[in-house]
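Colleague: Have a look at this one.
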Amino acid sequence: MVNFYFDIETTGLNPKKDKILTIQYQELDRNTGEPKGELKILKEWESSEKEIINKFLLDTHILDNYPFSFIPVGYNLNFENIFLKERTKINRLPLIDILNNPFIDLRVIGILMNKGEFKGSGLDKLTDKDGTGKNIPTLYNNHEYEKIIKYIEKEAEEFLKFNVWLYKKLPLLLTQFKEE
């Protein structure tokens, strides 16, 4: 079983017309949530959307028959799933559904930590992440790729900090719950 931090950046919110700009992933320790190895960032501007999706499919073994080859760990993975399903179809690549196999989506925990409210439960509201990434398309159109990379690195850093914290705290909550 291999857990991976997983996220994408896109040119917008519509997977039929907007494309995937980056795919980022990093192996995580299954027991601590700590990152193992380096953050991989596949960049559309260095090749093409089709090439980065294909590289992601090959690197992660997500197409293997073993459902635990790639366990995505992210925040609001439904967004990534919708984009990957549509963009693999458009690019005539093997179709994938990352939510059809094991996955860990911390969005649910964010909502619960926000007293059940969806509004205000974004990763940027819970951590020191800078904004929501709404300016990524503008940065892309202006060829400000280094700013996109800095945003991605900060987002990954904040997500991983939150993830590791949850790995430490949630088992204690379970013990506390059982004692009550």
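The values are calculated or read from the model by the stated rules, or taken from the named source; none is laboratory data. Bear in mind the structure is a predicted one, so any value in this text is a computation, not a measurement. All Cβ positions, glycine included, derive from the backbone under ideal geometry; neighbour counts span all protein chains shown.
Colleague: Can you tell me which of Thr32, Thr60 is at pLDDT below 95, at negative phi and β-branched (Val, Ile, Thr)?
Modeller: That would be Thr60, the only listed residue that is at pLDDT below 95, at negative phi and β-branched (Val, Ile, Thr).
Colleague: Turning to a different aspect of this structure: Which numbered condition trips up Tyr66, out of (1) outside any loop (DSSP other than H, G, I, E, B); (2) of a type in the set (Phe, Trp, Tyr); (3) at pLDDT below 95?
Modeller: In the conditions (1) outside any loop (DSSP other than H, G, I, E, B); (2) of a type in the set (Phe, Trp, Tyr); (3) at pLDDT below 95, Tyr66 misses (1) alone.
Colleague: Given the conditions (1) over 14 Å from Phe4 (Cα atoms); (2) among the aromatic types (Phe, Trp, Tyr); (3) surrounded by fewer than 17 Cβ atoms within 10 Å (Cβ to Cβ), report the number of the one that Phe68 does not fulfil.
Modeller: (1)
Colleague: Looking at region 33-53, which of the residues that are in a helix (DSSP H, G or I) and buried (at least 17 other Cβ atoms within 10 Å of the Cβ) is farthest from the chain's Cα centre (by Cα)?
Modeller: Looking at the filtered set, the residue picked out is Lys50.
Colleague: Right, here's the next one. Can you confirm whether Gly74 is in contact with a Leu (Cβ under 9 Å, 6 or more places away or on another chain), at pLDDT 95 or above and among the small types (Gly, Ala, Ser)? Walk me through it before giving the result.
Modeller: Numbers: in contact with a Leu (Cβ under 9 Å, 6 or more places away or on another chain): yes; at pLDDT 95 or above: yes; among the small types (Gly, Ala, Ser): yes.
Yes; evaluated as a whole, the condition is true for this residue.
Colleague: Here's a check for you: in region 118-147, which residue that is outside any loop (DSSP other than H, G, I, E, B) and of a type in the set (A, V, I, L, M, F, W, C) is farthest from Thr22 (Cα to Cα)?
Modeller: Among them, the one singled out is Leu126.
Colleague: Taking only region 96-110 into account, find how many residues are within 21 Å of Phe83 (Cβ to Cβ) and not in a loop (DSSP other than H, G, I, E, B).
Modeller: Residues in region 96-110 being within 21 Å of Phe83 (Cβ to Cβ) and not in a loop (DSSP other than H, G, I, E, B): 5 in total.
Colleague: Next up: I'd like the residue in region 81-95 that is part of a loop (DSSP other than H, G, I, E, B) and out of contact with any Asp or Glu (no Cβ under 9 Å at 6 or more places or on another chain) and, out of all such residues, is farthest from Phe4 (Cα to Cα).
Modeller: By that ranking, first place goes to Arg92.
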